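What follows draws every value from the coordinates through simple rules; no lab data is involved. Here the structure is a predicted model, which is why all the values come from computation and not from measurement. Heads up, the Cβs are rebuilt from the backbone with ideal geometry, glycines too, and the neighbour counts pull from every protein chain shown.
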Amino acid sequence: MIYPVDDVNSRIFDLIILVLVSLFFIGLLAFEYHVFGLEHPILPIPNEFKEFFEFLILPILALLTLDLVLKYRKINNPKKFVKKYWIDILMLALIPVFSIFKFLKIGLSLIKQLKTIKMGAKIFHKTKKISKN
């Protein structure tokens, strides 16, 4: 099946975002296991990689922003755009908000739980979107 260039680019962005969010989620399982109520990490990843997993939030934000900009340019209708991509917009808006709270160390465990749920929802959404196509 031949896809238009925009659809291919959108699929590539979705796949890259899915991979990065999955890696971020793996980092949560490895380093923030107590958020899940566990005593030991599910994935034994050396602590040297913790900074890498914490840094992943920046490329995720950049790609989500670029992805939304491209999707908006394609639709070019604010109502249709918000209706179709509301979860992407919500994810992009919430990530920096919760990152600020994390930086300030306010309610750290609540923020990590919300990030876990948010990233899990993003993985589910992207997987569902990719499987439909």
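Structure note, pairs Lys50/Lys71; Lys80/Lys115; Lys83/Lys128; Lys74/Lys115: Cα-Cα distances above 24 angstrom occur for Lys50/Lys71; Lys80/Lys115; Lys74/Lys115.
Val21 sits among other residues whose Cβ lies under 10 Å from its own Cβ, and their net charge, with Lys and Arg +1 and Asp and Glu -1, is +3.
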